[in-house]
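Each reported figure results from applying straightforward, stated rules to the coordinates on display, with no laboratory input. All of these numbers come straight from a predicted model, not from anything done at the bench. For neighbour counting, all protein chains shown are included, and Cβ atoms are generated from backbone atoms with ideal geometry for every residue, glycine included.
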Amino acid sequence: MDHREMKVPAQTDRLDKLVAAEFSDLSRSRVQQLIATGAITVSEQSHKANYQPKPGATISIEIPTPEPIDVQPEPLPLAIVYEDDQVLVVDKPQGMVVHPAPGHPNHTLVNAILYHTKLPGINGEIRPGIVHRIDKDTSGLLMVAKTKQAQESLSQQLQAKTNRRKYLALVHGNLKQPKGTIDAPLGRSHTDRKKQAVVTGGRPAVTHFRVLEHFGSDYTLIECQLETGRTHQIRVHLQFIQHPVVGDPVYGPRKTIRGHGQFLHACELGFKHPVTGEELDFTSPVPPIFKKTLTTLRMRYQQ
């Protein structure tokens with residue numbers, strides 16, 4: 001059993017939103033499940049997900065020990081960047097789903113990792129060892145916990161925003177600001193529940209960006225650094241400022257450069273080792289289709 005506590009802040013909100021915002025490793029749907037089973041209480045009393053507790057009240061969370069998971073190991077290609085007895089860093093290719101979900105029960109990164117090593121379950125969900133994720137058609141670096149101690153440490157670092165996650169993104173248009181910050185809350189779109197959007201009352205989301213290269217007025221190569229890690233955060237934030245990611249089939253325009261999905265790559269990952277405290281930093285080159293596209297654009301716009 002994993003016991004956690006938190007104090008309700010001065011600016012209160014729905015119970016499910018408060019807990020999900022405080023603990024980055026708990027999705028809002030997972031929090032709602034815990035509330036429904038009575039595992040989350042306010043001042044030792046059970047409430048519904050939409051209950052608004054008073055500031056200063058104590059919220060207690062009892063997360064059950066994960067049940068054995070039914071995910072089959074599969075001998076899939078796995079690009080290992082770093083590994084020891086606590087953590088694993090992998091370079092995920094475009095097109096691979098991180099963990100099993102409806103519609104993707106196998107052939108995922110988790111299936112591949114389980115073939116390579118044993119992992120702890122997390123929060124009773126089918127996502128063993130996975131403390132953060134990247135989208136199916138986003139490539140790049142992902143950290144994986146191999147022990148419960150590592151899972152707790154890496155999750156805490158995500159929550160405290162002390163880890164480093166940088167992405168390269170090719171976006172539409174001429175992003176004229178050399179650098180900037182997008183601070184806009186995210187939640188489910190009110191018009192399309194399958195999409196995320198900038199919404200009033202959404203979960204806090206902050207993305208920092210820096211321009212690296214311009215390709216005329218048509219495209220810009222930028223570096224993004226995540227302060228938070230919401231679903232589709234970079235893609236939605238860049239669409240919000242009217243510079244959607246090139247190749248994005250969901251948030252981008254129909255007229256775009258075709259590749260294997262969005263041109264978004266997790267190029268740098270840094271965190272403290274969960275046992276030694278050593279600062280670890282890893283980098284990954286862009287995949288071939290991304291590199292080829294940049295080369296083509298440089299040739300076209302240098303003429």
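Things worth noting here:
- Helix 148-160 vs. the chain, principal-axis angle (Cα, 0 to 90°, nearest 10): 70 degrees
- Theoretical ellipticity at 222 nm over the chain - DSSP helices of four or more residues, -39500 (n - 2.57) apiece, nearest 500: -6000 deg cm²/dmol
- Averaging the Cα positions of each part gives two centres, and for region 21-68 and region 146-163 these lie 20 Å apart.
- Potential lengthening between SER189 and THR231 on full extension [0.36 nm per residue; Cα-Cα distance subtracted]: 13.9 nm
- Annotation: peptides 274-284, 225-235, ranked by per-residue average of other Cβ atoms within 10 Å with the highest first, follow the order 225-235, 274-284.
- Cα gyration tensor shape of region 2-63, rounded if a/c is under 1.5, else prolate or oblate by comparing a/b with b/c: rounded
- Charge tally in the Cβ shell below 9 Å around GLY261, where Lys, Arg are +1 and Asp, Glu are -1, GLY261 excluded: -2
- Relative contact order %, region 2-63, counting alpha carbon pairs below 8 Å whose residues are six or more apart: 50 percent
- Scoring 84-95, 197-208, 257-268 by mean Cβ neighbours within 10 Å over their residues and listing the highest first yields 257-268, 84-95, 197-208.
- Size of electric dipole in the chain: Cβ of Lys, Arg +1 and of Asp, Glu -1, about Cα centre, debye, nearest 20: 1240 debye
- Spin-label proximity, LYS48 to region 23-39 - amide N less than 20 Å from point 7 Å beyond Cα toward beta carbon: 28-39
- Estimated inter-spin distance, HIS116 and ALA101, nm [label 7 Å along Cα→Cβ]: 2.1 nm
- Cα gyration tensor shape for region 159-245, rounded if a/c is under 1.5, else prolate or oblate: oblate
- Here the contact order of the chain, divided by its residue count and restricted to Cα pairs under 8 Å and six or more residues apart, works out to 15 percent.
- Based on Cα atoms of region 141-200, Rg over Rh with Rh as the Kirkwood radius reads 1.08.
- Exceeding the 31 Å Cα-Cα cut-off - candidates LYS166/LYS194; LYS118/LYS161; LYS54/LYS272; LYS161/LYS255; LYS54/LYS118; LYS118/LYS166: LYS54/LYS272; LYS161/LYS255; LYS54/LYS118
- FRET efficiency, ASP2 to HIS260 (Cβ-Cβ, R0 35 Å, nearest 0.05): 0.40
- When all alpha carbon pairs of the chain are counted in 10 Å bins from zero, the resulting P(r) reads 6, 25, 33, 25, 9, 2, 0 %.
- Efficiency of FRET between VAL199 and ALA39 - r from beta-carbon atoms, R0 30 angstrom, step 0.05: 0.65
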